[in-house]
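What follows is a set of notes on a single structure, which appears directly below.
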Amino acid sequence: MYSKILYALDLDSKPHLHKALAIAVQLNAELYVGYATYMGEDYTDDEIYFGKADGDKVVDSKKKELENKLEALLLGTELSKEHVYVVDGPVGKAIDHLAQTLSVELVLIAKSHHHFSLLIKPDTLIRYTSHYDLLSFN
């Protein structure tokens with residue numbers, strides 16, 4: 001069966017996080033949570049527009065905002081911070097890379113995830129080369 005599961009986190013849905021936790025409990029599997037952000041792209045854009053010092057401040061505030069959202073979302077769950085990853089890059093590639101790095105057997109994606117259609121498409125190169133199952137849920 002599955003011993004390690006990765007949930008591609010939808011920051012705007014605490015109910016989906018609880019559903020992912022329930023699935024992991026049902027399967028008696030260890031749950032990891034991954035959130036893909038493209039901070040590197042933001043950093044470059046902000047540095048160009050605002051200069052290095054001000055660009056750093058803008059990116060730092062974006063990082064702090066993300067940390068606050070994550071903390072609020074994880075509050076009241078049994079997830080430890082060691083099981084939560086924020087990865088940088090295009091969401092499909094970043095989640096795929098994290099899944100392979102963690103050697104998970106199953107990746108969970110809520111259909112509310114804003115990149116759901118890109119992550120779930122069966123004909124994408126990422127899906128052809130992955131070594132894990134993919135489960136989408138409402």
I'm told H113 meets every condition in (1) within 14 Å of the chain's Cα centre (by Cα); (2) more than 17 Å from L21 (Cβ to Cβ); (3) surrounded by 15 or more Cβ atoms within 10 Å (Cβ to Cβ); (4) at pLDDT below 85 except one. Can you identify the failing condition by its number?
(2)
Within segment 21-41, of all residues that are outside any helix (DSSP H, G or I) and β-branched (V, I, T), the one modelled with the highest pLDDT is V33
Pick from segment 42-86, criterion of a type in the set (S, T, Y) and in a helix (DSSP H, G or I), ranking: modelled with the lowest pLDDT:
Y43
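The values are calculated or read from the model by the stated rules, or taken from the named source; none is laboratory data. Given the structure is predicted, the values throughout are model-derived calculations rather than measurements. FYI the Cβ positions are ideal-geometry reconstructions off the backbone, even for glycines, and counts take in every protein chain you see.
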